[in-house]
Amino acid sequence: MMYSFGADISKDTFSVCLVGYNLNQQSHQVCARKEFANRPGAHKAFLGWLRRHAKGTTAIRVTMEATGVYYEGLALYLQEQVPDVHLSVVLPSQAKRYMQSRGLR
């Protein structure tokens, strides 16, 4: 099982969605969603939530859009506190074009 966390970050809050991928069955399922305040204390709370939901796995991925400077605090915190997490920061225009190329909305 592989887990992927998607973070939608704004000035005041960030929303996180956890998707689990079963590579043997080629399926995925939304496992959990949660919203946090976008401040340093909440970054620690997010890390605890991430570890609770992804326990027992070795492949954890976090993806977020580069939304101005709002993503930087969480991205830096994750890189410092959890160096084994695969962190991806993508440009919103690239994410949009990728979805369009896949025929998704």
At a Cα cut-off below 14 Å, give the aspartates and glutamates reachable from K55, other chains included and same-chain residues fewer than 8 away excluded. D84
What is the distance in Å between the Cα centres of segment 42-105 and segment 1-34? 9 Å
Tell me, in nm to one decimal, what length is gained between L91 and S27 on full extension, where the rule is 0.36 nm per residue of separation less the Cα-Cα distance? 20.4 nm
To the nearest 20 debye, the chain has a Cα-centred charge dipole, built from +1 on Lys and Arg Cβ and -1 on Asp and Glu Cβ, of 280 debye
per DSSP, antiparallel bridges as share of beta bridges in the chain, % nearest 5, sits at 65 percent
Rounded, prolate or oblate: pick one for the chain, where a ≥ b ≥ c are the square roots of the eigenvalues of its C-alpha gyration tensor, a/c under 1.5 means rounded, and failing that, prolate if a/b is larger than b/c, else oblate. oblate
Solvent-accessible area per residue for the chain at a 1.4 Å probe radius, Å²? 68 Å²
Structure-based [θ]222 nm, the chain - -39500 (n - 2.57) summed over DSSP H runs of at least 4, per residue, nearest 500: -10000 deg cm²/dmol
Work out, step by step, the length gained on full extension between L47 and Q100: first 0.36 nm times the residue separation, then minus their alpha carbon distance; give nm to one decimal. 15.9 nm
Roughly how many percent of the accessible protein surface of the chain is carbon and sulfur, given a 1.4 Å probe and a whole-percent answer? 50 percent
Stretchable slack from T13 to R39, in nm (0.36 nm times residue separation minus alpha-carbon distance): 8.6 nm
Partner aspartates and glutamates whose C-alpha sits under 18 Å from that of K34, ignoring same-chain residues fewer than 8 away, are D8, D12, E65
Restricting to Cα pairs under 8 Å and 6 or more apart, the percent relative contact order of the chain works out to 26 percent
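The values are calculated or read from the model by the stated rules, or taken from the named source; none is laboratory data. The model shown is predicted, which means the values in this text are computed figures rather than measured ones. Here Cβ is always computed from backbone atoms with ideal geometry, including for glycine, and neighbour counts include all displayed protein chains. Side chains included, ligands, DNA and RNA excluded: accessible areas come from the protein's heavy atoms. Shrake-Rupley method; radii C 1.70, N 1.55, O 1.52, S 1.80 Å.
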